[in-house]
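Please treat every number below as a calculation from the coordinates, not as lab data. Being a predicted model, the structure only gives us computed values, none of them experimental. Don't worry about glycine lacking a Cβ; one is built from the backbone with ideal geometry, like all the others, and counts go over all protein chains shown.
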Amino acid sequence: WQRKLLRKSGCEPFGVRRELFGEAGGEAGMALVRGAALVVGLHTDEVTEAIVDAALAARTPFAVVPCCVFSRLFPGRRLRSGRPVTSHPSLVAYLLEKHPAVRSARLGFAGKDVVVFCTDYGAPSDAAHLMCAPCDEG
């Protein structure tokens, strides 16, 4: 019924892509993110941060609804305060700390209803602080 409603709405068709994107997909993956009008992740489990990082790197608008924290899979996640990311509120805070333009809002339904999003990165010079050097994994 939704496809029928979309056809009747007069909106242009949209595409859904299911493939590696961002750094995991190499240059083709980053091109996919750069070419997107919006990157959306709903109940994305382990890839929530990867979606945010890829969208930030490409300066593409995004919206994710984080759910599970997976603190054991990502023990290196730390808030700026140094505290580990072990709860849903701390995961949301961690994602918000990635860029000053990232925001959050409540969606108002049952369950995990916080969306983390960015629609406007500001002037390109605002991204200068995102540059980073290779990490020392030792």
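Extending 7 Å from the Cα toward the beta-carbon at both A57 and R7 defines two label points whose distance is 4.0 nm. Charge dipole of the chain (Cα centre as origin; +1 on each Lys and Arg Cβ, -1 on each Asp and Glu Cβ, all else neutral): 660 debye, rounded to the nearest 20. Take the Cα of V16, go 7 Å toward its beta carbon, and the backbone nitrogen atoms of region 23-56 under 12 Å from that spot belong to 42. Under the criterion of Cα pairs below 8 Å and six or more residues apart, the relative contact order for region 21-124 equals 22 percent. Put a dot 7 Å past the Cα of T86, heading toward its Cβ, do the same for R72, and the two dots end up 1.4 nm apart. Sparse packing (at most 11 other Cβ atoms within 10 Å of the Cβ) combined with a DSSP loop state is found for the following GluC sites (Glu not before Pro) in region 1-37: E19. In the chain, the DSSP-assigned H stretches of four residues or longer account for a calculated mean residue ellipticity at 222 nm of -7500 deg cm²/dmol, using -39500 (n - 2.57) per stretch and the full residue count as denominator.
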